[in-house]
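One structure is given here, and the rest of the page talks about it.
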Number of protein chains: 2
Amino acid sequence: MDHKLFIYNSLSRKKENFIPINSPYVGLYVCGPTVYGEAHLGHARPAITFDVLFRYLKYLGYKVRYVRNITDVGHLENDADSGEDKVVKKARLEQLEPMELVQRYVNSYHENMLKLNILPPSIEPHASGHIIEQQQMIRKILKRGFAYESNGSVYFDVNKYNEKYQYGKLSGRNTEEMMANTRELAGQDEKRNPFDFALWKKADPVHIMHWPSEWSEGFPGWHLECSAMGTKYLGETFDIHGGGMDLLFPHHECEIAQSIAANGVDHVKTWMHNNMITINGQKMGKSLNNFINLSEFFEGNHHLLERAYCPMTIRFFILQAQYRSTVDFSNEALQAAEKGLKRLLSAGELIGKLKTSPASTFNLSEIINETFGALNDDLNTPIAIAQLFEAARIINLINDGKETITKPDLLELGKFFNSVMIDILGLISESNVENKGNLESELMNIIIDLRLQARQKKDFQTSDLIRDRLNNLNVRLNDTKEGTTWEKE
Amino acid sequence: MDHKLFIYNSLSRKKENFIPINSPYVGLYVCGPTVYGEAHLGHARPAITFDVLFRYLKYLGYKVRYVRNITDVGHLENDADSGEDKVVKKARLEQLEPMELVQRYVNSYHENMLKLNILPPSIEPHASGHIIEQQQMIRKILKRGFAYESNGSVYFDVNKYNEKYQYGKLSGRNTEEMMANTRELAGQDEKRNPFDFALWKKADPVHIMHWPSEWSEGFPGWHLECSAMGTKYLGETFDIHGGGMDLLFPHHECEIAQSIAANGVDHVKTWMHNNMITINGQKMGKSLNNFINLSEFFEGNHHLLERAYCPMTIRFFILQAQYRSTVDFSNEALQAAEKGLKRLLSAGELIGKLKTSPASTFNLSEIINETFGALNDDLNTPIAIAQLFEAARIINLINDGKETITKPDLLELGKFFNSVMIDILGLISESNVENKGNLESELMNIIIDLRLQARQKKDFQTSDLIRDRLNNLNVRLNDTKEGTTWEKE
């Protein structure tokens, strides 16, 4: 591929030129939601970040297999190895069978993702649907001596692993620190050390989701599913693993340890982590009462919101920050984003109506190069968007007759603007969210060109036929010196 | 519950008063799609039939847990125990990992169901996600002596089962007949008898979806998933099992045998089967070239269709027949249905505008009683719809001042009409579904005609140009004897 995409690798702590293991194929794994409640901003940011990555990699010509999992079992309270399963607990509260609860929130998650114009991943595996694969991985880890059974559960043996490998290399933590940060004492429970983590948990009576195994009737540890499903669908090593920064430790650290312990190889080449979201400067949290669901944003239905915000406004606002920076939500900032997006969308619509001149009075290549330069620099979307604003400013000036553009430049400008706005950033006007097609306008372009060609050949029978058939559909063509535009009546 | 719902039970071959095992809870299981291609009419009919049942049971006050599965493994060609897995074969043809193919067609199925205003089921379990549960059931059946292992596969022993129970009680077939209908000879393959069926199949090298077991690295037989998942989510016995009549034998017959063999009890109280769909009087089939996908209906993109038909027209048309009758699709019939639905929707809108009088000149209770009487009579939707037409006729007469209605009657009429139309039959105006606009498909028709014209003139430069530009938009043309169709990729 002819590009210089650099991605910040959380593991090496530097930006690296992205070269797939097996180009043009790219394997991308992203941690999806634990489906025990409505999707909120914390779900939107990774989904949008890695949607843009997915789109951009495809734009660059790669064939991407994007796996985003659904966690429906094994994620215990406080992300720890004890406490109730989050799904089971919520199911009990809502008086539903756990998989009924899972289905409800998976459906709701999908609805929200659709509204945010997030492309569905290639595969969306459920943790509960891959128990066998997880058990197979546990057996491998046990066989290689990096885990132990204790009272029907199986734990990863961090000290044993550390004799040969390095637990903590992603997060930069070491076991002494981890030890200092825990109130548990070694040997006090089933684990040999407090930082050991569960690969399999024996189900206690309250846990109604469980499967048979040689260790106990139980369920897999939370960290295991991503290692098992990533390997199953993307191979023992794959290109990119993404997720929120809150998952870096312990979740991703444990994933690395599991994969190395089971297969002897680091399974991920590039680790990417999006930063967190704050609300009015505060960390988002249920206890702070500033937890806003996506549907509450879309409906303006929360005490912190002055009014509703469209899904596209949320998407645009999130992309106005580089994914490794924090994003602070406030009504003022959202309203500013809404205006900004509107300006870009209006400029996009104006392009088709611009008149051309013998010369261009501005440097289009510079804008294009700066935009792709920004995208190639670790998906720097705010700078790419700043360049779109610059393009919008010029589009308006051309429309006002204060700048001029040549016909080839106009074609290139249209192609560039739509590629970046629609194909890469996924920003479309709200009315097109439901009605996904700009296929319609692309088909119109083909028809207009065929008509032009017929006229050049003096085949007026064909050109008239085209006009008549479009008239029947209430589509009117307007021929101008600069070309043909169309409108629905 | 204060109602007299009667449902035709395919097992007892008569209409039975529906009484749930554990009222107000109702367990409903319906066979969902094998996801290896686009959803077609054969998927729409059971989905719509059982959607109306689901809606009506909820309307009656029941708490329904509706399970509809996704078959993503084990369904071999020709619904037999040999041949390639349908999903694996299609994945090979499309050069995708099987779960990538599954995800694509699950997404497409969901989109089509949404357009048809079909409520999502409470749980939508995947066969591949329940391998352990299926293996557990096989062990139970083996333990009770109703199955045998042969060359790494496990087969259900129909003769052994018949010593104690009756294989064929749902379909009314007996093993002599089954023997006469097969070309296989007993003992010629792994099976003891040709009518024995696979519970577990050893994977041959071409089968890339497989899991470990004590019998072999393999995969479950097709019939097993529904027994295993039905039991898991609805219990060892539950109220209603539905599906298309084509599944009655062998699929449902085998399900009954498996459940009785494993648990000693009949797992389903009421079996419901919707009848088949024909196209212009002919059976629908790929070999007959009259196989119409739902998206082709919605876009008018099939040589047998004069034009596009809205999803609500399809839904209404299917409901104009009782679910146990066949339905024959034709352009004339669909256009009549479209008009009829429009009349009902207009009448519904008129209700709010009617003026009231001191007396009603017609008998509202009669219409209401007849409607619910029809629904209670094995979901006789055509008679219920006939009553809605009668109501619409009267609504128009009231509007014209030729009939009168009191205020209480008007309130009741509005409540009745909306409950039946919207809540129970799920019929809403098209603009309320997701209005995808069929301008796109009309533009495609123009382009296809221009290409045909170019080819007739031997202007291959133009016809190739058209194909290439459509390719760039991921729109593929398929030329057939009957004409050219197109699809988005």
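The values are calculated or read from the model by the stated rules, or taken from the named source; none is laboratory data. Just so you know, these numbers come straight off a predicted model, no measurement behind them. Because the Cβ atoms are built from the backbone with ideal geometry, glycine has one as well, and the counts that use them run over all protein chains shown.
For residue B:111, the criteria (1) more than 9 Å from chain A (Cβ to nearest Cβ); (2) buried (at least 22 other Cβ atoms within 10 Å of the Cβ) hold in every case but one, which is (2). Every listed requirement among (1) crowded, with 17+ Cβ neighbours inside 10 Å; (2) farther than 22 Å from residue B:475 by Cβ; (3) modelled with pLDDT under 95 is met by residue A:430 save one, (1).
Residues are listed down the side, and each one gets a yes or a no for (1) out of contact with any strand residue (DSSP E or B) (no Cβ under 8 Å at 6 or more places or on another chain); (2) over 30 Å from residue B:380 (Cα atoms):
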position	(1), (2)
B:251	no, no
B:258	no, yes
B:275	no, no
B:279	no, no
B:282	yes, no
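Out of B:334, B:350, one residue alone is part of a helix (DSSP H, G or I), buried (at least 17 other Cβ atoms within 10 Å of the Cβ) and in contact (Cβ under 8 Å) with a residue 12 or more places away in the chain. It is B:334. Just checking, does the range B:119-138 include any residue being closer than 26 Å to residue B:315 by Cα, modelled with pLDDT of 95 or more and among the hydroxyl-bearing types (Ser, Thr, Tyr)? Yes, there is a match, as at least one residue in the range B:119-138 is closer than 26 Å to residue B:315 by Cα, modelled with pLDDT of 95 or more and among the hydroxyl-bearing types (Ser, Thr, Tyr). Among the residues making up the range A:119-152, those that are more than 14 Å from chain B (Cβ to nearest Cβ), surrounded by fewer than 22 Cβ atoms within 10 Å (Cβ to Cβ) and not aromatic (Phe, Trp, Tyr) are A:142, A:143, A:144, A:145, A:149, A:150, A:151, A:152.
Results for (1) closer than 30 Å to residue A:7 by Cβ; (2) at pLDDT below 95; (3) out of contact with any helix residue (DSSP H, G or I) (no Cβ under 9 Å at 6 or more places or on another chain); (4) in the same structural domain as residue A:313 (by TED's automatic domain parsing), shown as yes or no for each residue.
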position	(1), (2), (3), (4)
A:349	no, yes, yes, yes
A:375	yes, no, no, yes
A:391	yes, no, no, yes
A:411	no, yes, yes, yes
A:414	yes, yes, no, yes
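Taking the residues in the range A:295-331 that are among the hydrophobic types (A, V, I, L, M, F, W, C), in contact with a strand residue (DSSP E or B) (Cβ under 9 Å, 6 or more places away or on another chain) and in a loop (DSSP other than H, G, I, E, B) as candidates, determine which candidate is nearest to residue A:424 (Cα to Cα). Only one residue tops the list, namely A:321.
If you scan the range A:109-134, which residues turn out to be more than 20 Å from residue B:229 (Cβ to Cβ) and touching a strand residue (DSSP E or B) at 6+ places or on another chain (Cβ under 9 Å)?
Kept after step one, since they are more than 20 Å from residue B:229 (Cβ to Cβ), are these residues of the range A:109-134: A:109-123.
A:109, A:112, A:119, A:120, A:121, A:122, A:123 - these are the residues of the range A:109-134 that are more than 20 Å from residue B:229 (Cβ to Cβ) and touching a strand residue (DSSP E or B) at 6+ places or on another chain (Cβ under 9 Å).
Checking each residue in the range B:439-464 for being at the interface with another protein chain (Cβ under 8 Å from one of its Cβ atoms) and farther than 27 Å from residue B:297 by Cβ picks out only B:462. Of everything listed in (1) surrounded by fewer than 22 Cβ atoms within 10 Å (Cβ to Cβ); (2) within 13 Å of chain B (Cβ to nearest Cβ); (3) under 30 Å from residue B:25 (Cα atoms), the single unmet condition for residue A:98 is (1). Annotation note: of A:89, A:63, the sole residue that is free of Cβ contacts under 8 Å to residues at least 60 places away in the same chain, within 14 Å of chain B (Cβ to nearest Cβ) and either at negative phi or small (Gly, Ala, Ser) (or both) is A:63.
Put simply, of A:194, A:205 the only residue that is modelled with pLDDT under 95 and more than 21 Å from residue A:88 (Cβ to Cβ) is A:194. Output yes when any residue across the range B:235-244 is touching a strand residue (DSSP E or B) at 6+ places or on another chain (Cβ under 6 Å), closer than 20 Å to residue B:27 by Cα, charged (D, E, K, R) and modelled with pLDDT of 95 or more, and no when none is. Yes, the range B:235-244 has at least one match.
Any idea which residue in the range A:68-86 is surrounded by the most Cβ atoms within 10 Å (Cβ to Cβ), counting only those that are among the polar types (S, T, N, Q) and at negative phi? It comes out as A:69.
Quick check: is even one residue across the range A:253-274 surrounded by fewer than 17 Cβ atoms within 10 Å (Cβ to Cβ), in a helix (DSSP H, G or I) and either at negative phi or in contact with a helix residue (DSSP H, G or I) (Cβ under 8 Å, 6 or more places away or on another chain) (or both)?
No - not one qualifying residue is present in the range A:253-274.
Residues in the range B:282-299 that are within 18 Å of the chain's Cα centre (by Cα) and farther than 16 Å from residue B:39 by Cα: B:283 alone. Only one of the listed residues (B:104, B:65) is touching a Gly at 6+ places or on another chain (Cβ under 7 Å) and either surrounded by 17 or more Cβ atoms within 10 Å (Cβ to Cβ) or closer than 29 Å to residue A:73 by Cα (or both). That residue is B:65. Residue count for the range B:202-233 under the criterion of being more than 17 Å from residue B:257 (Cα to Cα), surrounded by 22 or more Cβ atoms within 10 Å (Cβ to Cβ) and touching a Phe, Trp or Tyr at 6+ places or on another chain (Cβ under 6 Å): the result is 1.
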